[in-house]
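The values are calculated or read from the model by the stated rules, or taken from the named source; none is laboratory data. All values reported here derive from a predicted model rather than from experimental measurement. Neighbour counts are summed over all protein chains in view; Cβ atoms, including those assigned to glycine, are modelled from backbone coordinates with ideal geometry.
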Amino acid sequence: MGRYLLRRVLIMVPTLFAISIATFIIIQLPPGDYVTTLIAQYSAQGDQLDGPQIEALKNRYGVGDPMIVQYWKWISAILFHLDFGESFAWQKPVSSLLADRLPLTIALSIITLLFIWAVSFPIGIYSALRQYSAGDYVFTMIGFIGLATPNFLIALVLMYLGMQYFGTGAGGLFSPEWKDASWNIGKLLDLLGHIWVPLVVWGTAGTAGMIRILRANLLDEIRKPYVTAARARGVSETKLTVKYPLRVALNPFFSTIGWVLASLISADAIVSKVLNLPTMGPLLLDALRSQDMYLAGSIVLISATLTVIGTLISDLLLGWLDPRVRLGAR
Amino acid sequence: MTPSIPDPTIRRRSVLTMGAAAGLVTATASGCSFFSTDPDSGGGGSEGGGTDAMESPMLAEKVEAGELPPLEERLPAEPLVVEVAEAGIYGGTWRSLTLGPGDSASPDRIVGYEPGLRKSPNLDEIGPGVFTAVEANAEGTQYTITLRPGMKWSDGEPFTADDIVFAVEDVFGNTELFASPPSWLSSDGTKATAEKVDETTVTVTFAAPTGRFEDELNRNMELINYPMHYAKDFHPDHNDALDAKVEEAGMEVWTDLWNDQIANEGFWKNPELPTIDAWVVTAPLGEGGAVVFERNPYYWKTDPDGRQLPYIDSLSFEVVTDPEVMVLKVTDGEVDMMYRHANSSANKPVYADSLEAAGTQILDNTATSMNAMCVALNLAHKDPVKAALYQNKDFRIGLSHAINREELITSVWQRQGEPWQWAPSADSPFYDEEFAKQFTEFDVDLANQHLDKAGITAKDGDGMRTLPGGGTLTITLDVPAAMKPEWPTAAAMISEMWKAVGIRMSVNTIDRTLFYDRKIYSANEHDAGVWGGDGGLAVESIDPRWYMPYSDESVWATAWARYYGTRGAEGGEPIAPAKEQIELMWQFAAEPDEAAREEIFRQVLAIAKQEFWGIGIVTEPAPYVVAKNRLKNLTGGVPDTWVYRTPAHTNPESWFISESE
Amino acid sequence: MTTIAEPHGAGEPDAPTPPDAPAVPEHGHHSDDAVAVASQWQLTWWSFRKHKLAMIGAVVTLALYLTVIFAGFLAPYAKSFYSPEHTYAPPQQLHVLDDGRFGLYVHPQTAEQDPSTLQLTWTVDESARTDVGLFVKGDEYRMLGFLTLDRHLIGPVDPEGDPVFLLGADKNGHDILSRIIHGSVVSMTIGLVGVAISLVIAIVLGGLSGLLGGLTDTIIQRVIEFLMSLPAIPLWMALAAAVPPTWDPLERYFAIILILSLIGWTGLAREVRGKFMSVREEEYITAATVDGAGRGRLIFGHMLPQFTSHIIAGLSLSIPSMILAETSLSWLGLGLQAPVVSWGVLLQEAQNIRVITTAPWIMIPGLAVVVAVLALNFFGDGLRDAADPYKN
């Protein structure tokens, strides 16, 4: 186990390095830079910047330096000072912006994950055990539909419906009067009233996938010879299902923990933007659009790193759970 | 799992209150605040004060407590008196929205119009602003500015001539901040100088006559942006310990710190920065979900009864990321005023539907843009063959006649507007019907005639006209994406219309920054481009980009505009009529006499009419504002322009919130 | 082998792995003897046939691709047709009986616009009729690239008269029904072409990885991991923004496909690798090697056929992801844009409050996406379940 861990960690290093370069290139790839974004913005509102002003802006944002220099400045600041730079648009250090939004993003991701688990677990088991039943078909259909509809459309429609019929304010997680208020039960209830929209939107797609995996795995396991043998020996049906197959079928739950880490940051930027949720997603989207280099680059880098770490954790968990994986069996 | 659906007729808040109250009466009674179901963040501000109070109760309290000097000491000897429709009630928080972190324009359009001389809400008269008077000498080289005795910055320090001199000499004269001085403060390339005469009088002297300065004062806030007593600590000439300060702030150069805290964005990011605006930022961007401004206790304006303005205690701009969310919030009644980003023609019916439920009203304004879509061929094209063709007036006339504007208006612009070229709007003193309507008739035969006259009679196998000398003729039309939804659709339709007369046009929808990158004179890569028609009303001579080559915004000839901007040093030689216009505008900039200026500008317009530089489509739809009924003293029907920060020129300080609506 | 859930990574937007269609008993009613001697394909077919949802999926998928081929014929109007007076027009009800006889017609409708609020109020003129016919003459179109025809399945009898908008019109007066049909051409083929490219890359790289093992495997695995860890949206944005602006819509279309498939091959490659790894140890491979079969023959002659059906199943499950990806990209404004018509572009125009509150029929393309994705999923699932007839 130790050697496995060591091997994986070592391989991570060049991967992360490659990721940082790729991230930087990705951010710089679109034409223009933050200064041209600013100029275009001013122009769009009827304002004009003249030559000297533009020069000053270019100096200020350092967009005139060659690529290598910019990359080195950025990566060395991160590695040596854990300084992720400053966002041009927000005029604040990236780390403080992230710190503002991280708790909520994490909370939402975890809540969504719990929601998905809570819903898919019973349904998955039911579907596997009661194959071909009406319930099986119905649940599968619902799962499919949730999966097949583009998320952003659901989000907008749900938000509108929420407003029309349930009186929940438009988007966001709180009604205006609760936004900056201190926490009490009223605020909690207000939050619940708003949070069901993003939960439903994200939950449907994730739940569908989870149900499928759980069901397929359980079905596979149930057919295995050891289950038949156990049944022949007189073990009760429930024990049969729960004791061994279920444990194996739970594998995917552990691998999705890795997913949570990864999705922490880029999780559904589109839907968050539509629903006006103060998570990382919209932050990233806007940063990319305006070429807010340090903000976008840092978020992408962190997200990619978390993905790699997440995959590692998943593999480790699975390795611990299932020796066959660890030993490289096919 | 979706929660069970409550009876839609019961608003959620009451459900919560009922449920929570029923179960938790004892807990509340025991004083445990967690179990309360009331928000403790308020709508802010104290209520009432009737119409007898001379100042806001919020401030009166502070005076009582000895934290603020009394009213007479806070106001200048002669405050600016603002006419109000109705005597207002002090108090309340005005709520609106900003779109993302970079939208400083939204608060700027409310608090940001405090120029030296002030234009009336209808933009037709000029009166005193921060300055009580400005006098020019006969040659137009020296301007004497009179300030208000006793006027103070928002931190109580006096506003004096020192502040103006500081701005002119230390700020605009500092080459690290401004590599070359702003054009409005220069003549013949040299910066003007400012001299303090006494505490409330300043003279600004130019090397050569300039007509621009006095005109500029009614829309320029730069001169009044720099409180010397505060800003000098950020300036190397006045603070020896500046380097330490810069390092402490985590920056590298003092100009970075300066731009962050003082200039540009300082007004909504730095709560310490003294201003003379009606409201001062207290909760800057990035902390919490809203940018909050609170009243300036030293604001220097009163209503006719001598009561200190503003009436409204605070402004709250919630940061939102999607314009559709803005629409929802407005129809939900959460927004006191929505005046940009979500006020398109397409959205108007949505707001109209919800007027009653949301308690709102729609105020129509006048567009200052003269065209919703200017289609500009690049007359200064790098390719000489294309340049010659595009410069051929018949070519442009033919293309113009081939466009069925009525169809575009009905299909794309919600049936609003009339066909229009690049000409001043109907309400403008420069309005010329012939200029506005020339070549707008949809006539395919006429179009073909003119195209034939332009010399491109030869056609290829597909029936499309070819360039003189052979070679495919394709016009690539750059359309900036995500700006006006009408542009890509209209461009596609125009492409079909031009196809019918044998002209190939390909619609190139690109990102806004890329659009900019391609069209600026240094690149000059574009074939043709689309943009809105600024300069139709109220700002015609201030922004004549579509009438003559003025700046990088003159998409139709950015190279020639460079010639104008550098006094002939760069940009290549413009064709004769354009050059004539450029020379006229150079005269215009140096001409102090109002009547003479107008005459010069009319000559420029006459040439524009004759030359027909480019193709317009339709008048700009009237912009509108959606405001809550509880907001009073609003003025509608005004021209909407960034130059005067609409609606800031309609005196937001005179608005008040009346809950009894 | 335990199934390991893939983490969300690059390449797939909000589209996670699709759920299973419920399985069915194998081989249905055929006798054991018949089963014993049936060929692999026959077994696959029998297995598949029992799978009701999969059959429906297959039928619908076929119908969708037929729509793609016959788009010009099936759509009442050409792609670019619009009626300026009918912006935001609601769907018109098709009447079948005309005074007791069979006759298709709709009632014309006109709009009144409130000058200050710009609201449109539609009135249907019950007294008048716009005749609708089958196989009517209409706009010209090209079929299969070379035939120029002008007959449409359904449409107004008088093409110059009042328009017939069976599913309503959008904000510019385009016919929603026609645009959905024309949009299917782009959206459905993007899936096919993109997946084809992904497949080629996946087979080559996944195969090399699985067959050769060792260092090649590690390197390719790391590359895959690297690609999958790059967040999708930034990658798309950057690549889409880097497409030269001077390319015309068609070139842009292919560039988008390329971008999508360059990212999408990773999942497929991992599966292919897994399969290769499990198959290469089989006895018949050893036998063939001993027999002197070259590498190429080994791969293409023996191994690939083993899991062709798995690959096909994987493909048909990737297509919906591509469709959803294109939709998301176009919605973000990065993929296709007007004047190209795709479901993604159509949905982009539906994404606002004005549409949702006053003209909800403009969201119907969303339904098309749902149907297509569902059908392909059921089809693919059925294929995958049936793919290994020797399972039991």
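From C:L104, C:L74, which residue is at pLDDT 90 or above and over 27 Å from B:E486 (Cα atoms)? First the steps, then the outcome.
Working: C:L104 fails: at pLDDT 90 or above.
Among C:L104, C:L74, only C:L74 is at pLDDT 90 or above and over 27 Å from B:E486 (Cα atoms).
For B:S154, which of the numbered conditions (1) crowded, with 17+ Cβ neighbours inside 10 Å; (2) more than 14 Å from chain A (Cβ to nearest Cβ); (3) out of contact with any strand residue (DSSP E or B) (no Cβ under 8 Å at 6 or more places or on another chain); (4) assigned to a loop (DSSP other than H, G, I, E, B) fails to hold?
(3)
Among all residue pairs at least 6 apart or on different chains, which show Cβ distances below 9 Å where the first residue, located in the range B:531-544, is farther than 27 Å from B:L477 by Cβ and the second is of a type in the set (D, E)?
B:A538/B:D124; B:A538/B:D427; B:S541/B:D215; B:S541/B:E598; B:I542/B:D215; B:I542/B:E216
Matching residues to (1) of a type outside the set (S, T, Y); (2) in contact (Cβ under 8 Å) with a residue 60 or more places away in the chain:
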residue	(1), (2)
B:S180	no, no
B:W184	yes, no
B:D198	yes, no
B:A207	yes, yes
B:M228	yes, yes
B:F234	yes, no
B:E252	yes, no
B:L257	yes, no
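Being among the polar types (S, T, N, Q) and more than 28 Å from B:N296 (Cα to Cα) is the filter here; which residues of the range B:314-359 pass it?
Of the range B:314-359, the ones among the polar types (S, T, N, Q) are B:314, B:316, B:321, B:331, B:343-345, B:347, B:354.
If the condition is that a residue be among the polar types (S, T, N, Q) and more than 28 Å from B:N296 (Cα to Cα), then B:T321, B:T331, B:N343, B:S344, B:S345, B:N347, B:S354 are the ones that fit.
When you go through B:S354, B:S345 one by one, which is the residue that is more than 18 Å from B:S554 (Cα to Cα), more than 14 Å from chain A (Cβ to nearest Cβ) and of a type outside the set (D, E, K, R)?
B:S345
Being within 14 Å of another protein chain (Cβ to nearest Cβ) and in contact with a Ser or Thr (Cβ under 8 Å, 6 or more places away or on another chain) is the filter here, so list the residues in the range C:129-164 that pass it.
The first filter runs over the range C:129-164 and keeps only residues within 14 Å of another protein chain (Cβ to nearest Cβ), leaving C:139, C:163.
The one that is within 14 Å of another protein chain (Cβ to nearest Cβ) and in contact with a Ser or Thr (Cβ under 8 Å, 6 or more places away or on another chain): C:P163.
Does the range B:382-400 contain at least one residue that is away from chain A (no Cβ under 14 Å), part of a strand (DSSP E or B) and modelled with pLDDT of 95 or more?
Residues of the range B:382-400 that are away from chain A (no Cβ under 14 Å), as a first pass: B:382-400.
When the remaining residues are screened for being part of a strand (DSSP E or B), the result is none.
Among the residues of the range B:382-400, not one is away from chain A (no Cβ under 14 Å), part of a strand (DSSP E or B) and modelled with pLDDT of 95 or more, which makes the answer no.
Those residues that are hydrophobic (A, V, I, L, M, F, W, C) and within 31 Å of the chain's Cα centre (by Cα), I need them from the range B:567-582; list them, please.
Step one: list which residues in the range B:567-582 are hydrophobic (A, V, I, L, M, F, W, C), which gives B:569, B:575-576, B:578, B:582.
Across the range B:567-582, the qualifying residues are B:A569, B:A578, B:I582.
For the range B:464-501, which positions are in a strand (DSSP E or B) and either out of contact with any Pro (no Cβ under 8 Å at 6 or more places or on another chain) or surrounded by fewer than 16 Cβ atoms within 10 Å (Cβ to Cβ) (or both)?
The first filter runs over the range B:464-501 and keeps only residues in a strand (DSSP E or B), leaving B:465-466, B:472, B:474-480.
Scanning the range B:464-501 gives B:R465, B:T466, B:T472, B:T474, B:I475, B:T476, B:L477, B:P480.
Checking the structure you have, find out if any residue of the range B:111-129 is assigned to a strand (DSSP E or B), surrounded by fewer than 16 Cβ atoms within 10 Å (Cβ to Cβ) and not aliphatic (A, V, I, L, M). Full working, then the answer.
Going through the range B:111-129, the residues assigned to a strand (DSSP E or B) turn out to be B:117-119, B:126-128.
Subsequent filtering for residues that are surrounded by fewer than 16 Cβ atoms within 10 Å (Cβ to Cβ) retains B:127.
Retained after the next criterion (residues that are not aliphatic (A, V, I, L, M)): B:127.
Taking every residue of the range B:111-129 in turn, at least one turns out to be assigned to a strand (DSSP E or B), surrounded by fewer than 16 Cβ atoms within 10 Å (Cβ to Cβ) and not aliphatic (A, V, I, L, M).
Taking into account only those residues within the range B:402-418 that are part of a helix (DSSP H, G or I) and either facing another protein chain (nearest Cβ under 7 Å) or not basic (K, R) (or both), which is surrounded by the most Cβ atoms within 10 Å (Cβ to Cβ)? Lay out the reasoning, then the answer.
At the first step, the residues of the range B:402-418 found to be part of a helix (DSSP H, G or I) are B:405-412.
Narrowing the set further to residues that are either facing another protein chain (nearest Cβ under 7 Å) or not basic (K, R) (or both) leaves B:406-412.
Working: B:E406: 16, B:E407: 17, B:L408: 25, B:I409: 21, B:T410: 21, B:S411: 25, B:V412: 28.
Step by step, filter the range B:402-418, then rank; the result is B:V412.
Please determine whether any residue of the range A:161-175 is within 13 Å of chain C (Cβ to nearest Cβ), crowded, with 21+ Cβ neighbours inside 10 Å and modelled with pLDDT of 75 or more.
No, the range A:161-175 contains no residue that is within 13 Å of chain C (Cβ to nearest Cβ), crowded, with 21+ Cβ neighbours inside 10 Å and modelled with pLDDT of 75 or more.
Yes/no per residue for (1) outside any loop (DSSP other than H, G, I, E, B); (2) more than 29 Å from A:V201 (Cα to Cα):
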residue: A:D65; (1), (2): no, yes
residue: A:I68; (1), (2): yes, yes
residue: A:K73; (1), (2): yes, yes
residue: A:F84; (1), (2): no, yes
residue: A:Q91; (1), (2): no, yes
residue: A:I106; (1), (2): yes, no
residue: A:L113; (1), (2): yes, no
residue: A:A118; (1), (2): yes, no
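Among the residues of the range C:69-103, how many are among the aliphatic types (A, V, I, L, M), surrounded by fewer than 18 Cβ atoms within 10 Å (Cβ to Cβ) and part of a helix (DSSP H, G or I)?
Residues flagged as among the aliphatic types (A, V, I, L, M), surrounded by fewer than 18 Cβ atoms within 10 Å (Cβ to Cβ) and part of a helix (DSSP H, G or I) within the range C:69-103 amount to 1.
Just checking, how many residues over the range B:551-576 are under 19 Å from B:L605 (Cα atoms) and loosely packed, with under 14 Cβ neighbours inside 10 Å?
Final tally of qualifying residues: 1.
Output the residues belonging to the range B:225-249 that are among the small types (G, A, S) and outside any helix (DSSP H, G or I). Even if it seems obvious, please write down each step before you answer.
Filtering the range B:225-249 down to residues among the small types (G, A, S) leaves B:231, B:241, B:244, B:249.
Within the range B:225-249, B:A241, B:A249 meet the criteria.
Can you report the number of residues in the range A:195-222 which are within 8 Å of chain C (Cβ to nearest Cβ) and over 27 Å from the mean Cα position of the chain (by Cα)?
Here the count works out to 2.
Mind listing just one residue for me: the one in the range A:180-219 that is basic (K, R) and in contact (Cβ under 8 Å) with a residue 24 or more places away in the chain and, of those, farthest from A:I145 (Cα to Cα)? Steps first, please.
Kept after step one, since they are basic (K, R), are these residues of the range A:180-219: A:187, A:212, A:215.
Now restrict to residues that are in contact (Cβ under 8 Å) with a residue 24 or more places away in the chain: A:212, A:215.
On the way: A:R212: 13, A:R215: 18 Å.
Among those that are basic (K, R) and in contact (Cβ under 8 Å) with a residue 24 or more places away in the chain, it is A:R215.
So which residues in the range A:308-320 are at pLDDT 75 or above and facing chain C (nearest Cβ under 9 Å)?
A:V308
Given the structure, is B:S36 at pLDDT below 90, crowded, with 16+ Cβ neighbours inside 10 Å and away from every other protein chain (no Cβ under 14 Å)?
Working: at pLDDT below 90: yes; crowded, with 16+ Cβ neighbours inside 10 Å: yes; away from every other protein chain (no Cβ under 14 Å): no.
It is false that B:S36 is at pLDDT below 90, crowded, with 16+ Cβ neighbours inside 10 Å and away from every other protein chain (no Cβ under 14 Å).
Are any residues in the range C:203-241 over 23 Å from A:L306 (Cα atoms) and either more than 29 Å from the chain's Cα centre (by Cα) or at pLDDT below 75 (or both), and if so, which ones?
Taking the range C:203-241 and keeping what is over 23 Å from A:L306 (Cα atoms), we get C:203-217, C:240-241.
Of everything in the range C:203-241, those that are over 23 Å from A:L306 (Cα atoms) and either more than 29 Å from the chain's Cα centre (by Cα) or at pLDDT below 75 (or both) turn out to be C:L208, C:S209, C:G210, C:L211, C:L212, C:G213, C:G214, C:L215, C:T216, C:D217, C:A240, C:A241.
Tell me, which helices (runs of 4 or more DSSP H) lie completely within the range B:548-661 with 2 or more residues that are among the polar types (S, T, N, Q)?
Details: elements: B:558-565, B:576-590, B:594-611.
Where helices (runs of 4 or more DSSP H) fall fully within the range B:548-661 and carry at least 2 residues being among the polar types (S, T, N, Q), they are B:576-590, B:594-611.
Can you run down the residue pairs with Cβ atoms below 8 Å, 6 or more apart or on separate chains, where the first is in the range A:305-329 and basic (K, R) and the partner is modelled with pLDDT of 60 or more?
Short answer, once both residue conditions are applied: A:R326/A:M1; A:R326/A:Y4; A:R326/A:G319; A:R326/A:W320.
Just to be sure before I move on: is B:R74 touching a helix residue (DSSP H, G or I) at 6+ places or on another chain (Cβ under 8 Å) and charged (D, E, K, R) in the structure I sent?
Working: touching a helix residue (DSSP H, G or I) at 6+ places or on another chain (Cβ under 8 Å): no; charged (D, E, K, R): yes.
No, not satisfied.
Report the residue count in the range A:123-146 for those that are part of a helix (DSSP H, G or I), facing another protein chain (nearest Cβ under 10 Å), touching a residue at least 24 places away in the same chain (Cβ under 8 Å) and more than 26 Å from the chain's Cα centre (by Cα).
Residues that pass the stated criteria total 2.
If you check B:E334 against the conditions, is it at pLDDT below 90, farther than 20 Å from B:T650 by Cβ and either surrounded by 24 or more Cβ atoms within 10 Å (Cβ to Cβ) or more than 12 Å from chain A (Cβ to nearest Cβ) (or both)?
Working: at pLDDT below 90: yes; farther than 20 Å from B:T650 by Cβ: yes; either surrounded by 24 or more Cβ atoms within 10 Å (Cβ to Cβ) or more than 12 Å from chain A (Cβ to nearest Cβ) (or both): no.
When the stated conditions are applied, B:E334 does not pass them.
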